[in-house]
Each structure stands twice: as structure tokens, then as C-alpha cells.
1. Going through segment 33-46 one residue at a time, which ones are out of contact with any Cys (no Cβ under 6 Å at 6 or more places or on another chain) and crowded, with 18+ Cβ neighbours inside 10 Å?
2. When the residues of segment 167-219 are filtered to those that are surrounded by fewer than 16 Cβ atoms within 10 Å (Cβ to Cβ) and small (Gly, Ala, Ser), which remaining residue is farthest from Trp230 (Cα to Cα)?
3. Of the numbered conditions (1) modelled with pLDDT of 95 or more; (2) farther than 30 Å from Ser102 by Cβ, Pro209 fails exactly one; give the number of that condition.
4. Scan segment 175-213 for residues that are aliphatic (A, V, I, L, M), without any contact (Cβ under 8 Å) to a residue 24 or more places away in the chain and away from the ligand (no atom under 14 Å from the Cβ) and jot them down.
5. Pick from Ala18, Ala34, Ala57: which is away from the ligand (no atom under 16 Å from the Cβ), in contact (Cβ under 8 Å) with a residue 24 or more places away in the chain and not charged (D, E, K, R)?
6. What are the pairs, 6+ residues apart or on separate chains, where a residue within segment 72-91 that is β-branched (Val, Ile, Thr) has its Cβ under 8 Å from a residue that is in a strand (DSSP E or B)?
7. In segment 186-228, what residues are of a type in the set (Asp, Glu) and in a helix (DSSP H, G or I)?
8. Among the residues of segment 1-26, what is the count of those that are in contact with a Lys or Arg (Cβ under 9 Å, 6 or more places away or on another chain) and either among the β-branched types (Val, Ile, Thr) or assigned to a helix (DSSP H, G or I) (or both)?
Amino acid sequence: MRDKSEWNQKFCIVTGAASGIGETTFRMLLDLGASVLGLDRNEPREILKNKKFKAQAHFRKCDLSDPDQILDVFEEFKDSELKALFNVAALPSNGLSISNLSVQEWDQILNVNLRAVFLTSKYSLPLFKNNNGGCIVNVSSVHAFASMRNHSAYAASKGGVNSLTAQLALELNPLNIRVVGVAPGSIKTPMTTKDFENDKLQLEKLGFPTDGLGIGHVGEPDEIAEVLLWSASSAASFVNGTVITADAGLLARLTFE
Ligand SMILES: NC(=O)c1ccc[n+]([C@@H]2O[C@H](COP(=O)([O-])OP(=O)(O)OC[C@H]3O[C@@H](n4cnc5c(N)ncnc54)[C@H](O)[C@@H]3O)[C@@H](O)[C@H]2O)c1
């Protein structure tokens, strides 16, 4: 990152701030001196208990599948000068085949993973105007490019995030807002590995090296949060309307072996 001081006192919003990549992004922004609003349907675990962060950390419980709850939060912060919106929250794949996947289960994933990205982006526009522009970073997934069987809702939601990223970049360019997607590979978070030591064997059986060495290995949340922060920083001023893959080479592999 070119100049870390650019985050000092700046206002940012992170969805999915109670866990995994969102929580790490929330913490890193606070470390850089930003004033950060975290949104999640769950309470945060650690961050707000830390005295050092008390003045700059805000958190609102918000169910991102509910458009009214999203609108209420953005209304509350409508006078803020927003530098960056990080759309990180998502539901994991439910692993259901299309014949077993109900309309409700499809909607549940699409509403959180895609519709909420549309809504937070839409409702953040007045806040970005107060800052004369900024950046939206949308977390996608390698599943948007290449996937496995029985992940249709999740993969489609992330494909939608990629297209929405390009669309919003076109539309919001006149407002000086860049829009960037980041597609992680396999990352060690509660979404993928609730109990990493027990899941390690399973991951290795699937061909994901867990020692941090092999191509396409399992990564740490901060390896993605760093990409999110860089994407929103002035160092990435020429990056717009595209999706950056951060997967340790996973998509370069033809097979798990
Ligand atoms: N972990 C991986 O391997 C991986 C790989 C590719 C992409 N991703 C993406 O990275 C992002 C972060 O995932 P993670 O691994 O940190 O997962 P995680 O499960 O640790 O965190 C996701 C967060 O989203 C929140 N959330 C879910 N539904 C919500 C709702 N309705 N309202 C508000 N908050 C809600 C959860 O409460 C949770 O705190 C997601 O977009 C995910 O699709 C993760």
C-alpha cells in the first residue's frame, strides 16, 4: 500500500464484520486509524471490547436479507463521508443439487450474497457524495469462474457479484466511485473450516494442501483482507470494474492431486 495514512480518520463500512474475512478487514481498518462501521446479523466477537478502538469502531446488527434493515442503517449514517464500502458478508453454499434446492433456499443465498450488494451500494451513494467519491469492494469467489457440483445458488450469486461489479463501475464512474471485485480461493474461516484441525484431513483428501506451500493451498483471512484494502486504496486508482483473483493459484490447477 502506497500511503497508509490515507485511511486515518476516514469512514468505511464492512459487511460481514463479525467473522472471518470481514472481521479481519474491520480490524485492519481500525489499526490504520479508520472509523469503521461493521454490519452483521451476529454480534462481533472481539473488536469492540478493545479500548484502543472504542472511538472509531461502530457496529450495527443488521440482517442483510432484509432491505428495510439495510436502509435504516444507511439512513442513520447518511451524513458520513464514506471512503470505502466492503461488501464481504455472504452465506456459504448449501451443497444442494438443483433437484433438491427449494425456491426459498435459492432466494436465501441470492438475497444475502447478491441483492444485499446491490442495496448497500445503492444506499451508500449519498454517503460517497459527501466524500466526493470512493470505492466499493465486492467479495466474490473462485466459484464464479470454476466450481464443483451442487453449488448452483452460491456460484450463481458470485457470478452475479462479478457482473454487478462491472455494471456499477460503469454507472458510478461519473461520481468518482471505483468498483472492484475480489475472488478468494479457499480461506481458513468459519465458513469453510469450523474446526480447522479436524477439517484439515478432509481438505487434504480433497487435494487442498494445508501446509501453506502447494499451489491452491488454504489461505488465511488477512491474505484476502490485504487485497481488499489495497483495492480500495489510492494505490489501485487504475483498477476498476474488474475482479481480482486471490487464490494461491487454485484456478490454475486442472485437478486436485
Ligand atoms: N472462506 C473462503 O474460503 C471463501 C472463499 C471464497 C469466497 N469467500 C467469500 O468471502 C466472504 C467472507 O466469507 P468468510 O469466509 O469470512 O465467511 P464467514 O462465514 O466467516 O463470514 C461471513 C459473515 O457474513 C455474515 N452474514 C451471513 N448472512 C448474513 C445476513 N443475512 N446478514 C448479515 N450478515 C450475514 C455472517 O454472520 C458472517 O459473520 C464471503 O463473501 C464469502 O463468500 C470465502
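1. Listed by number, the residues that qualify are Ser35, Leu37, Gly38, Asp40, Pro44.
2. Gly207
3. (1) is the only condition that Pro209 fails.
4. Leu201, Leu213
5. Only one candidate qualifies: Ala34.
6. From residues that are β-branched (Val, Ile, Thr), the pairs are Val73/Leu37; Val73/Leu39; Val73/Arg60; Val88/Val14; Val88/Thr15; Val88/Val139.
7. If the condition is that a residue be of a type in the set (Asp, Glu) and in a helix (DSSP H, G or I), then Glu197, Asp199, Glu204, Asp222, Glu223, Glu226 are the ones that fit.
8. Of the residues in segment 1-26, 4 are in contact with a Lys or Arg (Cβ under 9 Å, 6 or more places away or on another chain) and either among the β-branched types (Val, Ile, Thr) or assigned to a helix (DSSP H, G or I) (or both).
The values are calculated or read from the model by the stated rules, or taken from the named source; none is laboratory data. Fair warning: this is a prediction, and the values are worked out from it, not measured in the lab. Here Cβ is always computed from backbone atoms with ideal geometry, including for glycine, and neighbour counts include all displayed protein chains.
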